[in-house]
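Step one of this worksheet: look at the structure below.
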Amino acid sequence: MGETVYLGIDLGTSRTSVTSSTGVRTTVWSYVGYPEDHVARKMLGGRDVIYGEEAVENRLSVKLVRPLAAGVIDTQGAQADLNKKAVKDLIEHVISLAQVPAGNTIYAVIGAPAEASVDSKAEILDAASNFVDSLIVCSEPFAVAYGLDFLRDTLVIDIGAGTTDLCRVHGTMPKAEDQRTHNVAGDAIDHTLAERIRQKHPEAQFSIHAIRQFKERHASVTRNMDVAEVTMTVAGKPQQFDITQEMYDACYTIVPPTVA
């Protein structure tokens, strides 16, 4: 009889991480790509699906899906069925990265936004149920507090890409009134920063992926932040720009809804 392997999965808007009781820890970008046609499939070595950074790099050749763009699985929009398929494929992929030997029993915990609805949690359970033997979905910020043994007098603020989640921990399992979620998070900061840069430097050329890299390198909500100097192209030539004020303004938008 095989051993029992425990997995913790952070199914994030931007990145998905898995850690196992066997010591494996890895992270992939939360993107799934499906070849547009037979030419794209041939270019990708005959594969029907690719993941993460590779999917983004080949976005012109694939139908690129970011199934958790709003922090939960979008099951209402035009791409509802595709999102459900992409989440299942992404979960199967990250579980395969955990390198669980065949025949072992898999117990998994998947984190969800603090105020995720019952339907949202049910969608996650449905997406993962075929790949594990037992599964629970729990509040992401509470999982952080529990893992760090911060079980009382603690406020966890989990800033993700799609949502910012807050959880008050006071020695018991958190109730609904102990948890809050709002949608001003990493993606919103990216779009605000991009708009501020367009207003200040209309000649600069950049992608949203470049904006995300600028943010991850220079993000701050202090007036005494280091200078945020980045390289963008102008008429095809690289040029240095100081975006310190734009970076501060964009990042600070997360503060009011978090402290309200």
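At 18 angstrom or more along the helix axis (alpha-carbon based) and mean Kyte-Doolittle of -0.5 or higher, what helices does the chain contain? Whole DSSP H runs only. Both cut-offs are met by 80-97. Can you match Cα extents along the principal axes in Å to one of these, (i) 45, 43, 38; (ii) 63, 56, 36; (iii) 54, 45, 33, based on a calculation from the structure here? It is the one labelled (ii). Restricting to Cα pairs below 8 Å that are 6+ residues apart, what does the relative contact order work out to for the chain? Please round to a whole percent. Rounded, it is 14 percent for the chain.
Share of pairwise Cα-Cα distances greater than 18 Å in region 74-146 is 45 percent (whole percent). If a spin label sat at a point 7 angstrom from the Cα of residue 239 along the line to its beta carbon, the backbone N atoms of region 200-231 nearer than 17 Å would be those of 200-207, 229-231.
Taking other Cβ atoms within 10 Å as a rough exposure proxy, 126, 165, 187 sort from fewest to most as 126, 187, 165.
For each of 59, 223, 66, count neighbouring Cβ atoms within 10 Å of the residue's Cβ, then give the residues from fewest to most. Can you show the working numbers first?
Numbers: 59 12, 223 7, 66 22.
Ordered from fewest to most neighbouring Cβ atoms within 10 Å, 59, 223, 66 come out as 223, 59, 66.
Note on region 186-259: Cα Rg divided by 2.2 N^0.38 Å, N the number of residues, gives 1.06.
Looking at the chain, send over the antiparallel percent of its DSSP beta bridges, to the nearest 5. Working shown, then result.
Details: 33 of 46 bridges.
Taking every DSSP beta bridge within the chain, about 70 percent pair in antiparallel fashion.
Computed about its Cα centre, the charge dipole of the chain is approximately 360 debye, with only Lys, Arg, Asp and Glu carrying charge at their Cβ.
Read the figures in this text as sums done on the coordinates, not as results from a lab. In this text, all values refer to a predicted model and were calculated from it rather than measured experimentally. No Cβ is skipped: glycine too gets one built from the backbone with ideal geometry, and neighbour counts run over all protein chains shown.
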